[in-house]
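Every number here is computed from the coordinates shown, using simple stated rules; none is lab data. Since the structure is predicted, the reported quantities are computational estimates derived from the model, not experimental observations. Every residue, glycine among them, receives a Cβ derived from its backbone with ideal geometry; neighbour counts consider all protein chains shown.
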């Protein structure tokens, strides 16, 4: 079976390693030829997955024609802000009969669409599934036991993805709530930034537990308003992904929040990393979407003010604490 991965970042590379270990033929596409050449020669993703050797069986290319030559599965693993441009290149090829799997997390700022909706908007009614869960790329790459969930309206494709990815180190569940799986994976990045701010300010376990719990309530409220099932947010792509991203020292979003909590400015922090911190763009998108659906998201609102309006993080925390009294729910 030939599997093509569109995106040579940390997650795309980690999935390539997982699938290669299972005996699949994997080809990874990257946008920049100089970097795909480096990956081919060095056999290490020094920017996005340093310290992990990549076997020679994994092929890297910047030639879309080559990577879209009758694959059994195409995995979309590019940052959300680049997805539309990549899809416009992909749709030039004969892809109608391909099976697609997206691991892209985000909400489009302009249209408020989820990533699977963007994919269908650009590629048409292709066979499509979503994979999301509490998965730090370096841990999956090292074969540390992990779990994820695959969601699709196409049960055949869900079963296919489950069979492809299941191993002794990676367990995959299935469900049919595509909206819930995607929204949980996207919105948790905002709460991770909030938890990072808490860490940067030197707050403790009490604060982080409150942010996790109330953050999950925000995610669920918006998700249900957008057509998701509330139960999905208690699962791997909801609470599971939220906990992992908010607690892991390797989480880019939590790290960015911590730097903000220490008093650094957003532009300065982003210049320090070549990795895309998805939560920054998602915060903008989520707040616009929440206003559209008339959903209250106080943590998201305060994170937005810290990111884009220069609000002092400590003042933002106080704003959350002195809000009007209410019942839990």
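For the residue pair residue 209 and residue 167, what label-to-label distance in nm results when each label sits 7 Å from Cα along the Cα-to-beta-carbon direction?
For the pair residue 209/residue 167, the computed spacing is 3.7 nm.
Give the calculated FRET efficiency between residue 1 and residue 324 to the nearest 0.05, with a Förster radius of 35 Å applied to their Cβ-Cβ distance.
On the way: r = 56 Å, r/R0 = 1.60.
Here the calculated transfer efficiency is 0.05.
Largest first, please: the extent of the C-alpha atoms of the chain along each principal axis, to the nearest Å.
Per principal axis, max minus min of the Cα coordinates gives 58, 39, 37 Å.
How far apart, in nanometres, would the label points at residue 92 and residue 247 be if each is projected 7 angstrom from Cα along the Cα-to-Cβ direction?
4.6 nm
Starting from the Cα-Cα distance between residue 273 and residue 24, subtract it from 0.36 nm times their residue separation and give me the gain in nm to one decimal. Write out the running numbers ahead of the final one.
Working: separation 249, 0.36 × 249 = 89.64 nm, distance 3.19 nm.
Gain on extension, residue 273 to residue 24, equals 86.5 nm.
Looking at region 2-176, send over the antiparallel percent of its DSSP beta bridges, to the nearest 5.
Numbers: 6 of 31 bridges.
Among the beta bridges of region 2-176, antiparallel pairing accounts for roughly 20 percent.
Is it possible to state the helix-based mean residue ellipticity at 222 nm for the chain, with each DSSP H run of 4+ residues giving -39500 (n - 2.57), the sum divided by total residues, to the nearest 500 deg cm²/dmol? What is it? Numbers along the way, then the final one.
On the way: 15 runs with 165 residues, N = 329.
Computed ellipticity for the chain at 222 nm equals -15000 deg cm²/dmol.
Would you mind computing, in nm to one decimal, how far apart the modelled labels at residue 142 and residue 284 are, each placed 7 Å from Cα along Cα→Cβ?
The modelled label-to-label distance comes out at 3.5 nm.
Between residue 47 and residue 291, what length comes free when the chain is fully extended (0.36 nm per residue of separation minus the Cα-Cα distance, one decimal in nm)? Intermediate results must be reported in sequence, preceding the final value.
On the way: separation 244, 0.36 × 244 = 87.84 nm, distance 3.67 nm.
Gain in length upon complete extension: 84.2 nm.
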